[in-house]
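The values are calculated or read from the model by the stated rules, or taken from the named source; none is laboratory data. Keep in mind that what you see is a predicted model, and the values were worked out from it rather than measured. Here the Cβ positions follow ideal geometry from the backbone for every residue, glycine too, while neighbour counts run over all protein chains shown. Keep in mind that these areas ignore ligands, DNA and RNA; they rest on the heavy atoms of the full protein, side chains included. Shrake-Rupley method; radii C 1.70, N 1.55, O 1.52, S 1.80 Å.
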Amino acid sequence: MARKKVKYSKHIPALTVPEKRKTPRCGECEVMACWPREPGDILKGPANCPTKNYPDIVAKAKEIYMNDPFHRRMQMMGARLEGMSSQTPPGGTEINMKLTRVEELFMFCKMMGYRKIGIAHCIGCIGEAKILAEMLEARGFEVAQVNCKVGAIEKGEIGIPEEDKVRMNTFETLCNNISQALILNEEKTDLNVILGLCLGHDISFTKLSEAPVTTLIVKDRRTGHNPAVALYQGYPPCNFYYGRLGRAKSTTGGR
């Protein structure tokens, strides 16, 4: 039986869906085939390149971008914001990073027509949440802000053992991310922003949130909430945009 062929782009020939797919490991690609200098370079990636192994899935994703109103709008506005934040000047070759993530958040909310923004934050980021709320309100947004300790449910009440507490043998309230999501659902927020929720708790919050969710701060107490630090320390060079600084010719962001 002939294997299925998929044609999803005018720049790429029809690709055969393999009988047995190879698990992708994009970090091992030496040519960055999906960010090519020319379309002819797209298929120069390794045998486990997901473009080669999952052409049917890529085609399905393209159909969703074209036909699903929610995902199409997210893709169009996200691309517009990316261009505003990092567009290369005409005739240039380097990507210029112009906006902080906070500034991008403000712009994105305006572009999407969002009016009410929810902030779900860790108690350890209550100061950051207060500042963000003030900045949003100064730009005309309405804000609903819910701390992770809402309700003050003691950890032992749901079976969390003493040895798993931050401070054993004390009254210690749990991170109530489910209440955060349900409260913000009641508040009818247009977008919810995560600030430093614990790993795992952020997953439950995102799963139960009725509004779209974006993360502004990822909790990493050791690195000042910058988890990429651990990657940069371990395996340089990792920086997609500025890896060019260490070599004469860039193989990453600059073209």
Inset, instruction - For A59, state whether it is open to solvent by less than 40 Å² (accessible area, probe 1.4 Å) and either over 21 Å from K188 (Cβ atoms) or in contact with a Lys or Arg (Cβ under 7 Å, 6 or more places away or on another chain) (or both). - result: yes
Residue set G124, G151; condition out of contact with any Cys (no Cβ under 8 Å at 6 or more places or on another chain), modelled with pLDDT of 90 or more and either open to solvent by less than 70 Å² (accessible area, probe 1.4 Å) or farther than 27 Å from F70 by Cβ (or both); output residue G124
A careful count of residues in the range 160-171 that are part of a loop (DSSP other than H, G, I, E, B) and open to solvent by 60 Å² or more (accessible area, probe 1.4 Å) gives 5
Just one listed residue, out of A129, A152, is touching a residue at least 12 places away in the same chain (Cβ under 8 Å) and either in contact with a His (Cβ under 6 Å, 6 or more places away or on another chain) or charged (D, E, K, R) (or both), and it is A129
By residue number, the members of the range 21-40 that are of a type in the set (D, E, K, R) and at pLDDT 90 or above are R21, K22
Checked the range 11-47 for anything under 16 Å from I57 (Cβ atoms), open to solvent by 100 Å² or more (accessible area, probe 1.4 Å) and in contact (Cβ under 8 Å) with a residue 12 or more places away in the chain; matches are E19, K22, T23, C34
Filter pass, L136 being out of contact with any helix residue (DSSP H, G or I) (no Cβ under 7 Å at 6 or more places or on another chain), open to solvent by less than 50 Å² (accessible area, probe 1.4 Å) and in contact (Cβ under 8 Å) with a residue 60 or more places away in the chain: no
Considering only the range 95-109, I want to know if a residue exists there that is polar (S, T, N, Q), exposed (fewer than 11 other Cβ atoms within 10 Å of the Cβ) and at pLDDT 90 or above. yes
The lone condition Y8 fails out of (1) surrounded by 15 or more Cβ atoms within 10 Å (Cβ to Cβ); (2) of a type in the set (F, W, Y); (3) closer than 23 Å to T93 by Cα is (3)
Of the candidates M135, M84, M76, the one satisfying the condition of being more than 25 Å from G200 (Cβ to Cβ), at pLDDT 95 or above, in a helix (DSSP H, G or I) and of a type outside the set (G, A, S) is M135
Flagged in the range 32-73 as over 30 Å from M111 (Cα atoms), polar (S, T, N, Q) and part of a helix (DSSP H, G or I), in numbering order, are T51, N53
